[in-house]
Amino acid sequence: MPATGGCEDWFNIGLTLLDSLDTLLLMGLDEEYQMSRQWAERYLSFDSVTKEVSVFEIVIRATGGMNSAYQLTGDTIWLEKSVELADYLLLSFKHTRTGCPPTSVYIGEKRAKMQSDLVDYSPRSNPAEAGTLQLEFRTLTEMTGDRKYADAVDRCMHSLTTALSDKEPLCTDGFDLENGVFTGSRVSISAMVDSFYEMQLKTWVGYGKKDDELRVAFERAVKATFETLVRKEHYHTYAGEYYKGNPNSFRHTMEHLACFFPGTLAYAALHGLGGGIHGKGSNEYIPMARELTKSCYAMSRGMFHGLAGEVTDFSKAVPKPKRGQDHNLIRPEIVEALYYMDKIDPEAGNKYKEWGEHMWKGLREYAQVPHMESGILSSTYNLLGVGQGHLYHSGKLHSFAIAETYKYFFMLFDSRPPSEGAFPLTDWVYNTEAHPVRIVNGQ
Ligand code: DMJ
């Protein structure tokens, strides 16, 4: 909560700090990094957690952040702490028939007090939460040599991918942890499913491109997304949503979250998917990634302040945020797409950097909390209000803004060679929270 200097204590572990470590390192903010390290040495303890935690959120932000910090610095404090957390979480993979963990668990002191890690057990989860743990736990196996982390997440991912098929390549937004079937009815590439598809690709890339089950699931899902979720109207190509079994229910809206997809397509092309070679030649993914990136940028360009809404309505010629969803949480996905396209699209030129510059300026001017020191940004509401005076700032900055949004902006504009600190996409893979780890070829 930068506007008040306070914080929202979600899991009682210093989550923003852990989520920010590799951003500090990337940007050369050494003093801030050292302060964070000292804090962790003195106070970071997963044994003393007193609240329930979301498995997905703590893994992508804390495990992901600590794994990257360890790989970037070699400082064993991050490996030890990451292992401490993962050992608590491992237990939760054992409760269900699919091998996927419940969405929330107790760890640390809270677990000791409740004499169980189970919070009000419900077999309901969703593909994103169950299917976005693999990269982080496989990295732990890589770093410790202990198979137990990879084995746990591989079993869960296998349950998810085998619930898909040639006939049903796209999932709905729920997953039954006992019966291993998708529940719910919304079909999209947005909330509750997004990073499941992203991780099929990234786990395949991250671990030697050997896992054909993941590659096939990803390629099938991309094909079905092109065929059933992507529409082109009013000069814009966008990914909407529909309800399973009801072809007339298609909605011409696209979530900010769904803008992870063009970057993921570009990364897939770079790693040899979509035909052609490394995104060149007759590759099918790059042209689609270009179109979708343009529409994602249009979510920002169409607004006088340049702040894209949470959900954008593409049913009219000029895309506008959907009423009631006209807020901006400083999410990363649009600039994430610009970053990947800038590095991968052979026709990039300066275009994506220029678009990014426009977005960055809008953010600095309009997400700025009025009357506060320059650079105090927060989530902004009422984007459809007319004029700057109508914007409302909540004062809250989500940790993903530092972990991802600021990092992608920085890397979009960063022209340093890898030897000076950049992460080449041929050698590194980012988890869904933009924490980079080295691609392992031999596994
Ligand atoms: C992040 O925590 C991750 O990118 C996640 O996959 C989706 N939601 C936020 C950012 O929008």
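The values are calculated or read from the model by the stated rules, or taken from the named source; none is laboratory data. Keep in mind the model is a prediction, meaning the values are calculated, not measured. Cβ sites come from the backbone with ideal geometry, for glycine too, and all protein chains shown count toward neighbours.
Taking the condition surrounded by 21 or more Cβ atoms within 10 Å (Cβ to Cβ), in contact (Cβ under 8 Å) with a residue 24 or more places away in the chain and either assigned to a loop (DSSP other than H, G, I, E, B) or within 16 Å of the ligand (Cβ to nearest atom) (or both), does Leu384 pass?
Answer is no for this residue.
The conditions are (1) modelled with pLDDT under 95; (2) surrounded by 23 or more Cβ atoms within 10 Å (Cβ to Cβ), and Gly65 fails exactly one of them. Which is it?
(1)
In the list Ala403, Ala422, which residue meets the criterion of being touching an Asp or Glu at 6+ places or on another chain (Cβ under 7 Å), part of a helix (DSSP H, G or I) and either within 30 Å of Thr63 (Cβ to Cβ) or at pLDDT 95 or above (or both)?
Every option except Ala403 fails the conditions.
Hand me the list of strands (runs of 3 or more DSSP E) wholly inside segment 177-286 holding 2 or more residues that are more than 16 Å from the ligand (Cβ to nearest atom) and touching a residue at least 60 places away in the same chain (Cβ under 8 Å).
Qualifying strands (runs of 3 or more DSSP E): 230-233, 236-239.
How many residues does segment 9-67 contain that are of a type in the set (A, V, I, L, M, F, W, C), within 13 Å of the ligand (Cβ to nearest atom) and not in a helix (DSSP H, G or I)?
Qualifying residue count for the region: 1.
Among the listed residues Lys167, Lys209, Lys202, identify the single one that is modelled with pLDDT of 95 or more, crowded, with 24+ Cβ neighbours inside 10 Å and not β-branched (Val, Ile, Thr).
Only one candidate passes the filter, namely Lys202.
Is segment 68-89 home to any residue that is outside any helix (DSSP H, G or I) and within 16 Å of the ligand (Cβ to nearest atom)?
No, segment 68-89 contains no residue that is outside any helix (DSSP H, G or I) and within 16 Å of the ligand (Cβ to nearest atom).
Out of Val335, Val318, which single residue is among the β-branched types (Val, Ile, Thr) and farther than 18 Å from Ala239 by Cβ?
Selected residue: Val318, the only one of Val335, Val318 that is among the β-branched types (Val, Ile, Thr) and farther than 18 Å from Ala239 by Cβ.
Scan (1) buried (at least 21 other Cβ atoms within 10 Å of the Cβ); (2) more than 24 Å from the chain's Cα centre (by Cα) for the single condition Ser378 breaks and write down its number.
With respect to (1) buried (at least 21 other Cβ atoms within 10 Å of the Cβ); (2) more than 24 Å from the chain's Cα centre (by Cα), Ser378 is out only on (2).
Does Thr426 satisfy the condition of being closer than 21 Å to Lys322 by Cβ and either surrounded by fewer than 22 Cβ atoms within 10 Å (Cβ to Cβ) or within 16 Å of the ligand (Cβ to nearest atom) (or both)?
No.
Determine the pairs where a residue that is more than 16 Å from the ligand (Cβ to nearest atom), located within segment 402-419, has a partner that is among the hydrophobic types (A, V, I, L, M, F, W, C) with Cβ atoms under 7 Å apart, the partner being 6 or more residues away or on another chain.
Close Cβ pairs satisfying both conditions: Phe410/Leu26; Phe410/Met27; Leu412/Val335; Leu412/Leu338; Asp414/Ala422; Arg416/Ala422.
So, in segment 353-368, how many residues would count as being more than 20 Å from the chain's Cα centre (by Cα) and more than 16 Å from the ligand (Cβ to nearest atom)?
Of the residues in that region, 11 qualify.
Against the definition (in contact (Cβ under 8 Å) with a residue 12 or more places away in the chain, more than 14 Å from Ser300 (Cβ to Cβ), within 16 Å of the ligand (Cβ to nearest atom) and in a helix (DSSP H, G or I)), how does Ala337 come out, yes or no?
Considered against the rule, which asks whether it is in contact (Cβ under 8 Å) with a residue 12 or more places away in the chain, more than 14 Å from Ser300 (Cβ to Cβ), within 16 Å of the ligand (Cβ to nearest atom) and in a helix (DSSP H, G or I), Ala337 comes out as no.
Inspect all residues belonging to segment 357-375 and state whether any of them is buried (at least 19 other Cβ atoms within 10 Å of the Cβ), modelled with pLDDT of 95 or more, among the acidic types (Asp, Glu) and not in a loop (DSSP other than H, G, I, E, B).
Within segment 357-375, none of the residues are buried (at least 19 other Cβ atoms within 10 Å of the Cβ), modelled with pLDDT of 95 or more, among the acidic types (Asp, Glu) and not in a loop (DSSP other than H, G, I, E, B).
Looking at (1) crowded, with 17+ Cβ neighbours inside 10 Å; (2) at positive phi, which is the one condition that is false for Gly349?
With (1) crowded, with 17+ Cβ neighbours inside 10 Å; (2) at positive phi applied to Gly349, the lone miss is (1).
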